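The values are calculated or read from the model by the stated rules, or taken from the named source; none is laboratory data. None of the values given here were measured: they were computed from a predicted structure. Ideal geometry is used to build each Cβ from the backbone, glycine not excepted, and the neighbour counts take in all protein chains shown. These accessible areas exclude ligands, DNA and RNA; they are computed on the full protein's heavy atoms, side chains included. Shrake-Rupley method; radii C 1.70, N 1.55, O 1.52, S 1.80 Å.
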Amino acid sequence: MKVVLFCGGLGLRLREHSESIPKPLVRVGPQPILWNIMRFYAHYGHKEFILCLGHRGEAIKEFFLNYREAMANDFTLSGGGNDIEVHRRDIQDWKVTFVDTGLQANIGQRLMKVREHLDGEDMFLANYSDGLSNLPLDRYLDFVRNHDKIATFVSVRPTASFHAVRANAGGLVTDIYPVSEKSRINCGYFAFRKEIFDYMEPGEELVVKPFHRLIEQGQLVTYEYDGFWQCMDTFKDQQLLHDMHGRGDTPWMVWE
């Protein structure tokens, strides 16, 4: 299955990095978060990627154009440096399509702009490209096929310590509780059938009007997952993931 990756946002909440490099290239350990997400999908056999580029898209192109597998893997050098034997490959069998989808486009607009690259696909995957997970993708796709709906997304417990408030008509608070206890959020791991485009209009944000049309038709379902998921919205999030990698706590690296 092809995988659409949304890589064009400004990443304003990660300003410490995003002013110099695009958010998808912010590193978690030695590799960008984008590489980690692509490696996750490739582990399950999904190695055709469509990158929806925007802010600093040229940097993402340069990363892959200059990528050297020997620098990311163990290798043996011989022949006075003329022969290199890489012991483990990572991106050699990937097929990556780079599409400029605009600097200010929203997710829905970006998806519409890569529609032609999905011709002939009955189903495809998509990802916000800003969160890591050890989601069992094979089981998720079994769930998708069994429910046979147009759109499916993974929902998780939010990791941030926000609190929700319940109040009566007069504003009197009747309850306050951590969001994580009773709520679930869309974590940006999608599976779509080709009919998704029938529910989209030009300029619309994907999860607003299109998703509400799907809801009205009973065509949107969520896979509830309570395993590891961590977004990278802020510098603090990036430091958390980077520190986890540093101490070898890398549940998202299902390929290891």
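For the reader, a short list of remarks on this structure follows.
- Screening the range 66-151 for helices (runs of 4 or more DSSP H) wholly inside it with 1 or more residues that are in contact with a Leu (Cβ under 6 Å, 6 or more places away or on another chain), within 23 Å of PRO24 (Cβ to Cβ) and not polar (S, T, N, Q) returns the ranges 107-113.
- Verdict on LEU172 being aliphatic (A, V, I, L, M) and surrounded by 11 or more Cβ atoms within 10 Å (Cβ to Cβ): no
- Test for GLU205: is it more than 26 Å from LYS23 (Cα to Cα) and of a type in the set (Asp, Glu): no
- Top-ranked residue of the range 115-136 - restricted to ones that are buried (at least 21 other Cβ atoms within 10 Å of the Cβ) and among the aliphatic types (A, V, I, L, M), ranked as nearest to CYS52 (Cα to Cα): ALA126
- Among residues of the range 218-243 that are at pLDDT below 90, those with a Cβ under 8 angstrom from a residue that is in a helix (DSSP H, G or I) and open to solvent by less than 40 Å² (accessible area, probe 1.4 Å), sequence gap 6+ or separate chain, pair up as ASP233/LEU14; THR234/LEU14; PHE235/LEU14.
- Of all residues in the range 110-167, those that are touching a Cys at 6+ places or on another chain (Cβ under 8 Å) and without any contact (Cβ under 8 Å) to a residue 12 or more places away in the chain total 0.
- One residue stands out in the range 206-232 among those that are among the aromatic types (Phe, Trp, Tyr) and part of a loop (DSSP other than H, G, I, E, B): the one that is nearest to LEU137 (Cα to Cα), namely TYR225.
- Here LYS61 clears all of (1) assigned to a helix (DSSP H, G or I); (2) surrounded by 12 or more Cβ atoms within 10 Å (Cβ to Cβ); (3) modelled with pLDDT under 95 except the condition numbered (3).
- Of everything in the range 223-256 that is hydrophobic (A, V, I, L, M, F, W, C) and touching a His at 6+ places or on another chain (Cβ under 8 Å), the residue that is most open to solvent (accessible area, probe 1.4 Å) is PHE235.
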